[in-house]
Structure formats: C-alpha cells, structure tokens
Amino acid sequence: MVRLLFLWTLVFGVFSAEVLSAEPVIAPAEAQAKAVMSNVYDSYVKIIPYAYSTKNIEFKNKKEKEALLKNLTDLSDFFKSAKHADLFQRPGFRPSLEAITNHLDETIMSVESDSFIFAQKRLNVIGALCVTCHSQLPESVSKNAFRDNIKKEKRDRFDSDFAYANYLYLVRRFDDSKTYFEKAINTALGTSTRSANQEVLASLRKVVSIDTKIKFNYENARAFIEKWEKDSRLSINDKKILKRWNDSLKLWKGFDPASIKSMPKFIEKHLSPLDMKKEIIFSGEEDITLLISSGVLFNFLVENPNSALAPEILYWLSLAEHRMGQSYFFSLGDLYLKDCIRKYPSSPYAKKCYQEYADSIEAGFSGSSGTDIPVSEKRELIKLKSLLKP
C-alpha cells in the first residue's frame with residue numbers, strides 16, 4: 001500500500017517546480033518514473049478497502065478476487081518497472097523498493113492460494129511498508145507530492161478513524177492525520193479491548209513521530225503529550241511512556257537539524273553511546289533520540305547520496321529501524337544492513353553491518369545457539385560474508 005506512495009512522493013517531490021525551478025525541464029527517464037508512480041497510486045487506491053480493513057477477506061463472487069489480484073499485480077509490476085530509475089537506487093531507498101516488491105509477490109501468492117487470513121495481514125502491512133519511507137522523506141523532496149496530485153479519499157472508505165488517520169499519515173497530510181489519530185484515541189479509550197489499547201498507543205506514537213522525526217517540532221510534541229497525560233482514562237503504563245517522551249524531549253529543546261555542522265560529531269554525540277547499550281534501545285528509553293536521529297540521518301542521505309558516510313549511516317539507521325519497526329513503523333533494519341554490505345564491502349562499517357545482521361538472524365531464529373536458522377538464511381549469511389573486503 002505504501003511502497004508505492006513513497007516512491008510516488010519521491011518522484012513528484014524531486015521533480016517538482018519548488019525543488020528545481022519555476023519551469024523544470026524533465027528528462028525522459030524522469031518523466032517515465034513520474035508516470036509509473038502515478039500509476040502506482042491509481043492501483044493502490046483500488047485496494048484501500050482491503051489494505052485498511054481489520055476484517056477477514058470475503059469475496060462475494062469470483063470477479064472480486066480476480067479484481068484484487070489484478071490490482072495487486074499491477075502494483076507489483078509498476079514497482080518492478082521503477083527499478084530502472086537511478087533515483088530509487090540511492091542509499092536508503094533501495095531497501096524500501098526491495099521490501100515492497102517482495103511483499104507484494106507474497107501477498108499475491110496468498111490471495112491466489114485462498115490463504116485469506118495471511119493475505120489480509122499482508123495487505124495491512126503494505127501500508128506500514130510505505131509509511132516507513134514516507135515518514136522519512138524530507139520536505140525538500142516531498143513538497144507538493146501529496147496535495148493536488150492525489151485525490152482526497154473520504155473517511156467513509158475506511159473502517160475507523162484509526163484506519164483513516166493511518167492513510168492520511170501515509171500521504172503526508174499530517175495535520176489531518178493528527179486530528180483523526182486523536183479521534184481514534186478518544187474512541188479507543190472508551191473501549192476496554194486489547195485492540196483498543198493497542199490503537200491508543202499506536203496513535204500516540206504516530207503523532208509524536210510526526211512532530212519529532214518528520215517536523216522536528218518539539219514544542220508541538222510536548223504540548224500533545226501534556227494534553228493526553230492529563231486524561232484520566234489513559235492507563236498507568238501509557239502515562240509512564242508519555243512522561244518518558246516528555247523528559248527526553250526537554251533534552252532536545254532548541255535543536256535544529258540545519259545547525260548540524262558535522263554529521264560524524266552528531267553521530268558521536270547522540271548515537272555512538274548507544275552502540276554498546278543495545279538493550280536500552282529496545283527498552284524504549286531512547287525512542288525520542290532514535291526518532292529524531294533517524295530523521296536527521298535519512299535527510300542527510302537523501303541530500304548527499306554519494307557521501308562516504310553512507311555505510312555508517314545505514315548501520316545507524318538499521319539500529320533505529322530495528323527498534324522503531326517493533327512499535328512505530330515496518331522495520332527495514334535488516335535490509336539496511338544488507339545494503340551496507342553489498343554496496344560498501346570495503347568500508348569498515350560493512351563488517352559491523354554484517355555482524356549486526358548475523359546477530360539479528362541468530363536472535364530471531366534461535367537465540368545464541370544458531371541451531372534453528374533455516375538453510376536459506378545460512379546461505380545468505382555465507383554469501384554476505386564473502387562480499388566483505390579485508
């Protein structure tokens with residue numbers, strides 16, 4: 001659902017008049033990429049009822065299934081056709097394109113085999129995949145991308161305010177999405193179900209991510225937090241999380257990404273201390289630091305795609321993504337690590353990326369024993385290790 005929008009945004013943002021000139025001259029390849037992403041969005045809106053629904057897929061007739069398969073196949077084909085564009089081969093974007101194309105292929109197979117429970121889950125994740133990229137795009141790239149170029153979808157096409165808020169977040173209508181996330185919080189706080197509790201925390205996280213990772217507006221973030229801290233319906237645990245965020249935001253008061261003179265010094269100050277304390281990263285104690293830092297790092301990569309710092313930044317983005325992917329977005333952490341190894345095998349950070357990836361695979365499948373890692377993953381580890389240069 002989303003990979004498409006991320007790429008679409010990117011194309012329209014990069015080639016928009018406000019980024020280049022009043023009347024930019026668009027090269028044939030760029031014009032083609034712009035057309036591809038427009039087609040992507042047109043296909044995506046056709047699967048909205050499935051992508052945002054919490055209900056199991058039910059087809060009234062064979063034609064409905066065929067229509068969904070056609071739209072998914074069109075999406076997949078459009079994304080695959082976008083691989084030719086140099087724009088999408090920049091550091092940070094390659095993993096996103098790889099993730100969405102693989103995910104769409106798996107979703108299509110689930111629908112074709114009538115595995116509708118899995119298909120619905122995968123359809124829901126399409127949006128999370130796209131949001132992961134859209135949430136990272138700087139305004140210099142995405143400006144005007146999701147305004148007049150995209151039709152405004154109505155609230156009645158979505159199951160809930162929460163679903164609609166996530167869609168608005170996806171297409172970067174952030175002010176509108178915040179309004180609907182707050183409506184979702186109000187509704188969920190009136191319900192004592194597990195899913196309602198999850199929606200409350202997910203909505204709080206999304207709004208805070210807008211004001212930190214995307215807009216770097218810490219006063220707005222604190223005002224939002226302090227408003228909901230006072231709500232007596234909020235759980236004790238959620239109030240503790242809000243307090244932790246507020247305390248962390250105080251440390252970033254006055255920070256402006258434009259004031260950064262040296263990216264290595266920024267990394268050394270804010271991220272290097274976390275390298276030896278990864279358990280703190282996954283506890284949630286450093287969420288604000290990770291949100292702000294990931295926004296800073298990704299913006300830097302977009303504006304400096306050929307920087308010698310790219311492998312180091314991919315390493316740090318992977319750590320942020322591994323944490324954020326658990327709670328905020330779809331994680332591209334492992335894909336960032338693999339891209340670091342494949343594209344920069346001679347960099348000292350390629351070895352760090354490999355070790356981090358190997359540790360992630362071992363922990364994911366079998367703790368520290370390594371006995372339950374699938375053969376395919378073992379082969380991938382061997383292949384990646386062989387790429388490393390002395």
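The values are calculated or read from the model by the stated rules, or taken from the named source; none is laboratory data. Only a predicted model underlies this, so the values are computations on that prediction, with no experimental measurement involved. Cβ: placed from backbone, ideal geometry, glycine included. Neighbour counts: every protein chain shown.
Here are the numbers for the structure shown:
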{"quantity": "Matching residues in the range 43-73 - criterion: being of a type outside the set (Ser, Thr, Tyr) and in a loop (DSSP other than H, G, I, E, B)", "calculated": "Lys46, Ile47, Lys55, Asn56, Ile57, Glu58, Phe59, Lys60, Asn61"}
{"quantity": "Of all residues in the range 112-127 being crowded, with 22+ Cβ neighbours inside 10 Å and among the hydrophobic types (A, V, I, L, M, F, W, C), the one that is farthest from Ser318 (Cα to Cα)", "calculated": "Ala119"}
{"quantity": "Among (1) closer than 17 Å to Ser293 by Cβ; (2) small (Gly, Ala, Ser); (3) more than 26 Å from the chain's Cα centre (by Cα) - the single one Ser259 does not satisfy", "calculated": "(3)"}
{"quantity": "Check on Asn246, of a type in the set (S, T, N, Q) and at pLDDT 95 or above", "calculated": "yes"}
{"quantity": "Search result, residues across the range 128-167 that are modelled with pLDDT under 80, among the charged types (D, E, K, R) and surrounded by 17 or more Cβ atoms within 10 Å (Cβ to Cβ)", "calculated": "Lys143"}
{"quantity": "Options Ile214, Ile225, Ile241; residue that is of a type in the set (Val, Ile, Thr), modelled with pLDDT of 95 or more and surrounded by 13 or more Cβ atoms within 10 Å (Cβ to Cβ)", "calculated": "Ile225"}
{"quantity": "Selection count where residues are of a type outside the set (Gly, Ala, Ser) and closer than 27 Å to Asp42 by Cα, scope the range 171-206", "calculated": "11"}
{"quantity": "Qualifying positions in the range 304-322 - of a type in the set (A, V, I, L, M) and surrounded by fewer than 22 Cβ atoms within 10 Å (Cβ to Cβ)", "calculated": "Ala308, Leu309"}
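Listed here are the residues, each with its yes/no results for (1) more than 30 Å from Thr212 (Cα to Cα); (2) modelled with pLDDT under 70.
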site	(1), (2)
Phe329	no, yes
Tyr336	no, no
Arg342	yes, no
Ser346	yes, no
Asp359	no, no
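Residue-wise test of (1) farther than 24 Å from Ser294 by Cβ; (2) surrounded by fewer than 16 Cβ atoms within 10 Å (Cβ to Cβ).
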{"position": "Asn197", "(1), (2)": "yes, no"}
{"position": "Leu201", "(1), (2)": "no, no"}
{"position": "Ser209", "(1), (2)": "no, no"}
{"position": "Tyr218", "(1), (2)": "no, no"}
{"position": "Lys230", "(1), (2)": "yes, yes"}
{"position": "Ser235", "(1), (2)": "yes, yes"}
